[in-house]
Amino acid sequence: MGKVVGMQRSPKHTLNNGAEIDVLGYGVYKVPAEDCADLVSTALDTGYRTVDTAALYANEEGVGAAIRGAVAAGTPREELFVTSKVWNTDHGYDATLAAFETSMDKLGLDYLDMYLIHWPCPDQDLFIPTYKALETLYSEGRVRAIGVSNFEQEHLAKLLDATDVVPAVNQVELHPWLPQTELRALHASLGIATQAWSPLARGQILDEPALLELAATHGRTVAQIVLRWHVQSGHLVIPKASSPRRIQENLHIFDFTLDAAEMGRIDALESGRRSGSDPKLMK
Ligand SMILES: NC(=O)c1ccc[n+]([C@@H]2O[C@H](COP(=O)([O-])OP(=O)(O)OC[C@H]3O[C@@H](n4cnc5c(N)ncnc54)[C@H](OP(=O)(O)O)[C@@H]3O)[C@@H](O)[C@H]2O)c1
């Protein structure tokens, strides 16, 4: 069992427009709507300040209720960072603006911290007008940062050619099996932060023998070892968990270090295995 002591805090990362986001936030994909407010409140009480939701997750109401509750109890709104995403069925300029209003109504917030295009959906070929809607929202101050998710090199190249604001973030599937090495190098050259979704490969990676050994060496859980590998690799990370114990455990990774050889052992787990969809195929 990993060590868990008191309230933790994630370090901050400064995005390419100066906005600050926590390196480690709480992701709420598949958190049921009826549990979402309680679990996000638990995460905020634990010390999380960044929450990742999406229209698709059908739990924006719960995220908003927890954020508003924390602000009412004295947490400055500026300390908190809420991300949502426009879903694939709402691509296009006008549809995206309308989808944003629907999300904001559900969240009940005055502004959003970050709005992402959830998937590029290359077959629809609408991600440029979709992103132009995000640029409008950004210029109007409705959202503090804009970005993309699941964009591959070719999608980013096309986007950058046709739009003005370099995405603050590209949120992609990333874990030791799928380290996204080339994409991360491109992000670094463009000033785009890499945010890892399914950082634990949806829990499937937690039986890897090398990770179990490293967990035993450090007296940590395998999840903590994997999350530590992410932050030392320079990724932003948003693990999801459903119990207070795991929510705490996942944030409690900023008081130990993996050495270069240990990082190398985890890097060596690369296999190309995905736990989610391939961006080229998502309609
Ligand atoms: N942009 C995108 O397309 C996209 C796609 C997928 C996800 N995301 C975002 O990324 C977030 C994280 O991804 P994810 O939810 O797919 O997967 P994940 O965070 O890699 O894994 C979550 C799974 O790991 C388990 N887990 C979490 N902490 C654990 C611990 N300390 N020990 C043991 N098991 C643990 C969870 O179990 P319990 O829940 O039972 O605790 C859950 O089954 C999502 O919530 C969402 O915000 C974005």
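The values are calculated or read from the model by the stated rules, or taken from the named source; none is laboratory data. Predicted model only: the values in this text are computed from it and were never measured. Please note: Cβ atoms are built from the backbone with ideal geometry, for glycine as well, and neighbour counts cover all protein chains shown. Protein only, heavy atoms only, side chains kept; ligands, DNA and RNA dropped before computing areas. Shrake-Rupley method; radii C 1.70, N 1.55, O 1.52, S 1.80 Å.
Things worth noting here:
- Normalised by the number of residues in the range 117-273, the mean separation of alpha-carbon contacts (under 8 Å, six or more apart) gives a relative contact order of 20 percent.
- Inter-label distance, nm, simple model (7 Å from Cα along the C-beta direction), Phe256/Thr102: 4.4 nm
- Restricting attention to the range 122-243, close to 10% of DSSP beta bridges with both partner residues there are antiparallel.
- Summing charges over all other residues whose Cβ lies under 12 Å from the Cβ of Ala193, with Lys and Arg as +1 and Asp and Glu as -1, gives 0.
- Within the straight-line cut-off of under 12 Å between alpha carbons, the aspartates and glutamates reachable from Lys12 are Glu20, Asp22, Glu79, sequence neighbours fewer than 8 places apart in one chain being disregarded.
- Exposure rule at most 16 other beta-carbon atoms within 10 Å, DSSP loop GluC sites (Glu not before Pro): the chain longest free segment: 1-139
- Computed over neighbours whose Cβ is under 10 Å from that of Lys280, the net charge equals -4, Lys and Arg +1, Asp and Glu -1.
- Computed extension gain for Thr89 through Ser242, at 0.36 nm per residue and net of the alpha carbon distance, reaches 52.3 nm.
- Highest-fluctuation residue, Lys106, Lys240, Lys85 considered, GNM on the chain with Cα pairs under 10 Å: Lys106
- Here the spin labels are modelled as points 7 Å beyond Cα on the Cα-Cβ line, and at Met282 and Glu79 they lie 3.2 nm apart.
- DSSP bridge pairs, the chain: antiparallel proportion in percent, nearest 5: 15 percent
- Rolled with a 1.4 Å probe across the full set of protein chains, the surface gives Asp164 an accessible area near 140 Å².
- Selection from Ile128, Ser139, Leu160 lying farthest towards where the dipole of the range 116-172 points positive, charges on Cβ: Ser139
- A Gaussian network model of the chain, with springs between Cα atoms under 10 Å, assigns the largest mean-square fluctuation among Leu190, Leu80, Leu200 to Leu190.
- Dipole magnitude for the range 209-283: about 480 debye, using +1 per Lys or Arg Cβ and -1 per Asp or Glu Cβ, origin at the Cα centre.
- Each Cα pair under 8 Å and six or more residues apart adds its sequence gap; the mean of these over the residue count of the chain is a relative contact order of 21 percent.
- Within the assembled protein chains, the solvent-accessible surface assigned to Lys30 is about 140 Å², based on a 1.4 Å probe.
- Net charge over other residues, Cβ less than 11 angstrom from the Cβ of Lys132 (K, R count +1; D, E count -1): -3
- Rotationally averaged projected area of the range 142-283 (alpha carbon convex hull; nm²): 10.1 nm²
- The chain - mean residue ellipticity at 222 nm from DSSP helices (-39,500 (n - 2.57) per run, n ≥ 4, rounded to 500): -12000 deg cm²/dmol
- Charge dipole (the chain, unit charges on Cβ, about Cα centre) - positive-most of Ser189, Thr102, Gly219: Gly219
- GNM result for the chain, Cα springs below 10 Å: residue of Asp38, Asp207, Asp267 fluctuating most strongly: Asp207
- Site pair Gln124 and Ala58 shows an inter-label distance of 1.8 nm when each label is modelled 7 Å from Cα along Cα→Cβ.
- Size of charge dipole - the range 136-261 - debye, nearest 20, with Cβ of Lys, Arg +1 and Asp, Glu -1, no other charges: 460 debye
- Among Ala65, Gln8, Gly92 the positive-end extreme of the charge dipole of the range 1-96 (Cβ point charges): Gln8
- Quarter the surface of the alpha carbon convex hull of the chain and you get the mean projected area, 13.7 square nanometres.
- Dividing the mean sequence gap of close Cα pairs (under 8 Å, 6+ apart) by how many residues the range 14-57 holds gives a relative contact order of 50 percent.
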